[in-house]
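The values are calculated or read from the model by the stated rules, or taken from the named source; none is laboratory data. These figures come from a predicted structure and were not determined experimentally. Glycine also receives a Cβ, built like all others from the backbone with ideal geometry; neighbour counts cover every protein chain displayed. Calculation scope for accessible area: heavy atoms of the full protein, side chains included, ligands and nucleic acids excluded. Shrake-Rupley method; radii C 1.70, N 1.55, O 1.52, S 1.80 Å.
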Amino acid sequence: MTLDANALKQAAAQAAIDYIEPWLKPDAVIGVGTGSTADLFIDLLCAKRDRFKAAVASSERTAKRLRDGLVRVLELNEVTSMPVYVDGADEINPQGEMIKGGGGALTREKIVASVSERFVCIVDASKQVEVLGRFPLPIEVIPMAQEAVLRKCRLLGGEPAVREGFVTDNGNIIVDISGLSIHNAVGLETEINQWPGVVTNGLFALEKADVALVAGQGGVTLVE
Ligand code: ABF
């Protein structure tokens, strides 16, 4: 039997619940990402709400889903540490470097991930790539910098497009850069983050995944 995309996401979500079991303790705060794979993880996490103290959400959408599942949601500023942050990705390479932000929540995802001790990435095998860049790289941009940032994207050799009708949870726009072949993810993440008006970009390479749980037809593989 061939598993469809949703079944693979479900398998990755279940593997994440099993993986974080040692950290489900009464004082633990769990970091929770955004996206369809993260949604499946949230539903499983909500069933374990009596096992941990609270969660920090990487988006308004995730916060609502957690609250609907009766999980206490804390602001990041109320939290000093989190043992794990669980989130999906749009692409991941063998080094654990990722492109994220297809859902537009990249800045909050990066902030919450930076406070957690361990990034657990949950993906189906279609997200695995040798070289990042087939998925357009999202960057969150303060609106007045839009045209300046588009010009810089073109100088990189990319084809930028403003995401139509989309405003981030922080009130900014998203520019998606197509046509990149990213061989130095740390370098590109660092460079784009220096551009005035860029809030952050969707490369997670300076702080990459510590563990990836990759769901394929043969089961879930743990990549460290
Ligand atoms: C988040 O959700 C994002 O960073 C990424 O864009 C997206 C992946 O979504 P899905 O799990 O729906 O493929 O993790």
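Remarks
- Picking from residues in region 152-168 that are of a type in the set (D, E, K, R) and assigned to a loop (DSSP other than H, G, I, E, B), the one that is most open to solvent (accessible area, probe 1.4 Å) is Glu164.
- Residues of region 169-191 satisfying the condition of being β-branched (Val, Ile, Thr) and outside any helix (DSSP H, G or I): Ile173, Ile174, Val175, Ile177, Ile182
- Gln146 vs. criteria of a type in the set (S, T, N, Q), free of Cβ contacts under 8 Å to residues at least 60 places away in the same chain and open to solvent by 10 Å² or more (accessible area, probe 1.4 Å): yes
- Tallying residues that are surrounded by 24 or more Cβ atoms within 10 Å (Cβ to Cβ) and touching a helix residue (DSSP H, G or I) at 6+ places or on another chain (Cβ under 7 Å) within region 103-119 yields 2.
- In region 153-187, residue nearest to the chain's Cα centre (by Cα) [restricted to those that are closer than 12 Å to Ile139 by Cα and not β-branched (Val, Ile, Thr)]: Asp176
- Matching residues in region 192-224 - criterion: being open to solvent by less than 60 Å² (accessible area, probe 1.4 Å) and part of a loop (DSSP other than H, G, I, E, B): Trp195, Gly197, Gly202, Ala205, Ala209
- Considering region 189-220, and only residues there that are without any contact (Cβ under 8 Å) to a residue 24 or more places away in the chain and not acidic (Asp, Glu), the residue that is nearest to Phe41 (Cα to Cα) turns out to be Gly218.
- Residue count for region 120-143 under the criterion of being among the hydrophobic types (A, V, I, L, M, F, W, C) and open to solvent by 10 Å² or more (accessible area, probe 1.4 Å): the result is 5.
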